[in-house]
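Have a look at the structure below, then the notes.
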Amino acid sequence: MQYTRFVLWLLAAVAFLTGCVNPPEYPEEPVIQYEGISKNTIYQFTNGPQDSIVIHFSFTDGDGNISSEDSTDIFIKDSRFPELPPTIVGAFPPIPAEGTGNGISGDVFFTVINSGQGVCCIFNDRFCVADERFPADTLTYEIYILDQAGNQSNTIRTEQIRVLCLGQ
């Protein structure tokens, strides 16, 4: 009987102590980490089939203010155009403020599609080239995010992506 009571008290103490784990502490500005891409080859939109690449990164934000209904939060830059401003990729879905006081973390997956002016081969200042002399082009994407306070995250870079200029 004494032994059973001791074991029950010990289990209760362990349960109580494990319930008191501190939440993680994140910096107030967002931090992102590159996780990968779905593939590293894509067809140019003018000559190949519709194609896409999914880019995956994770994020943390200490004050949890990563999104709002009318925000633009995710930015991407093509390495072949260092002088141009980044393109707005989109926004995080609205995240309720309840429960974000200790910060938030998560994963983002977004798709780059080769339609419109999405993915193009560029050679000798010519865009969307379909020339046998230039069968492929390469690029990387730089990505960063902004929170509601305007804090910019670090910038991550994808691995090299090969664009097939001549189609299939």
Residues of region 106-157 satisfying the condition of being charged (D, E, K, R), under 17 Å from the mean Cα position of the chain (by Cα) and outside any strand (DSSP E or B): Asp147
Unique match (being without any contact (Cβ under 8 Å) to a residue 40 or more places away in the chain and at negative phi) among Ala149, Ala130, Ala136: Ala136
Matching residues, region 100-111, being at pLDDT 85 or above and touching a Ser or Thr at 6+ places or on another chain (Cβ under 8 Å): Ile104, Ser105, Gly106, Asp107, Val108, Thr111
Evaluation of Ile55 against (1) at pLDDT 80 or above; (2) farther than 16 Å from Glu159 by Cβ (one fails), failing number: (2)
Qualifying position, being surrounded by fewer than 19 Cβ atoms within 10 Å (Cβ to Cβ) and at pLDDT below 80, among Ala97, Ala91: Ala97
Cross-chain or 6+ apart pairs with Cβ under 7 Å, region 50-66 first and within 20 Å of Arg162 (Cβ to Cβ), then among the small types (Gly, Ala, Ser) and outside any strand (DSSP E or B): Gln50/Ser115; Ile53/Ser38; Val54/Ser38
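The values are calculated or read from the model by the stated rules, or taken from the named source; none is laboratory data. In this text, all values refer to a predicted model and were calculated from it rather than measured experimentally. Methodologically, a virtual Cβ is constructed for each residue, glycine included, from the backbone with ideal geometry; neighbour enumeration extends over all protein chains shown.
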